[in-house]
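All remarks here apply to the structure that follows.
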Amino acid sequence: MNEEVKRLLNEQINKELYSSYLYLSMADYYDYNNLDGFANWFYIQAQEEVDHAMLLRRYLLNNGEAIELEAIAKPDLVFNSFKDPLVGAYEHELFVTASINNIYEKAASVKDYRTMQFLDWFIQEQMEEEKNTDELIRKYELYAEESKGLYQLNQEFGARVYAPPTLVLD
Ligand code: FEO
C-alpha cells in the first residue's frame with residue numbers, strides 16, 4: 001500500500017475514535033442534565049464511531065499493514081445550551097467528511113482502486129451523518145424551544161436503536 005494512503009487510513013482510526021469520545025462527552029452532558037433520550041442518541045453515535053474505527057483497522061490488517069494506535073485527544077467542546085452539542089456534532093461531521101475525501105483523493109492519485117472502493121461506503125455514510133446531525137438541529141429549532149416540545153423530542157431521540165454497520169469485512 002502507498003505509504004501516504006496507509007498513514008492517512010491509520011490516522012483516520014484515531015479520528016473515528018476521537019469522534020466516539022466526543023459523542024460520548026455529549027451523551028454525558030445530556031445524561032447529567034436528565035435528557036436521557038438525547039443521551040441515548042449520542043451514546044449510540046459513539047458506538048457507531050467505534051465501528052468505523054474497527055472497519056479501518058480491519059481493512060489495513062487485511063492488506064497486510066500494521067496498525068499504529070495514537071493517543072486520543074480530550075474532547076474539549078464546552079456546552080452552554082442543549083443546542084450546542086447538536087451544532088458541534090454537525091460541524092464535526094463536516095470535518096470527518098473532509099478527512100475521508102482527502103484520503104479518497106490521495107488513493108485516486110496513486111491509482112489505489114481497492115482503497116477507493118473501500119472508502120465508497122464511508123463517503124455514503126458521511127452523507128447520512130451530515131443529514132442526521134443537521135436534522136437534530138432543525139428539529140431542535142422547530143420543537144424544543146418549549147419544554148413540552150423538548151420533552152417529546154427527548155422521547156423521539158430515546159427511541160433510536162443501535163444498528164451495526166452495513167459494511168462487513170471478514
Ligand atoms: Fe465516523 Fe460520524 O463519522
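Note on K111 and D84: their simple-model spin labels are 5.1 nm apart, each label 7 Å out from Cα toward Cβ. For segment 13-37, the residues whose backbone nitrogen is under 20 Å from a point 7 Å from the Cα of V161, taken along Cα to Cβ, are 36-37.
Between Y143 and N63, what FRET efficiency follows from the Cβ-Cβ distance if R0 is 45 Å, with the result rounded to 0.05?
So the FRET efficiency works out to roughly 0.45.
Full extension of the segment from N102 to R7, taken as 0.36 nm per residue of separation minus the current Cα-Cα distance, would add 33.0 nm. Bridging of K106 to lysines at a Cα separation below 21 Å is possible for K6, K15, once same-chain residues fewer than 8 apart are set aside.
Taking Cβ atoms as reference points and 14 Å as the exclusive limit, the residues near R114 contribute a net charge of +1, counting Lys and Arg as +1 and Asp and Glu as -1. Taking Cα centre as origin and charging only the Cβ of basic (Lys, Arg, +1) and acidic (Asp, Glu, -1) residues, the dipole magnitude of the chain rounds to 220 debye. What shape does segment 1-81 take by its C-alpha gyration tensor, where a ≥ b ≥ c are the square roots of the eigenvalues and a/c under 1.5 counts as rounded, a/b above b/c as prolate, and the rest as oblate? Prolate shape, in that a/c is at least 1.5 and a/b is the bigger ratio.
Taking all protein chains together, L169, L69 sort by accessible area into L69, L169, largest first [probe 1.4 Å].
Available extension along the chain between V50 and D28 is 6.2 nm, counting 0.36 nm per residue and deducting the alpha carbon span. Take segment 81-135 with all the other protein chains still there, run a 1.4 Å probe, and you get 51 Å² of accessible area per residue.
Give me the percent of Cα-Cα pairs in the chain that sit more than 30 Å apart, rounded to a whole number. Counting every Cα pair in the chain, those more than 30 Å apart make up 22 percent. Solvent-accessible area assigned to carbon and sulfur over the chain amounts to 51 percent, based on a 1.4 Å probe. Relative protection proxy for 152-163, 41-52, from highest mean packing down: 41-52, 152-163 (other beta-carbon atoms within 10 angstrom). The calculated 222 nm mean residue ellipticity attributable to helices in the chain amounts to -26500 deg cm²/dmol, summing -39500 (n - 2.57) over DSSP H runs of n ≥ 4 and dividing by all residues.
Working with all protein chains in place, sort M127, M54, M116 by solvent-accessible area computed with a 1.4 Å probe, largest first. If you can, show how the numbers build up before the last one.
Details: M127 115, M54 85, M116 35 Å².
Largest accessible area first, the residues go M127, M54, M116.
Segment 131-170 and segment 1-80 have Cα centres lying 19 Å from one another.
The values are calculated or read from the model by the stated rules, or taken from the named source; none is laboratory data. In this text, all values refer to a predicted model and were calculated from it rather than measured experimentally. As a convention, Cβ positions derive from the backbone with ideal geometry for all residues, glycine included, and neighbour counts pool all protein chains shown. The protein model used for the area step is the full one, side chains on, heavy atoms only, and it has no ligands, DNA or RNA in it. Shrake-Rupley method; radii C 1.70, N 1.55, O 1.52, S 1.80 Å.
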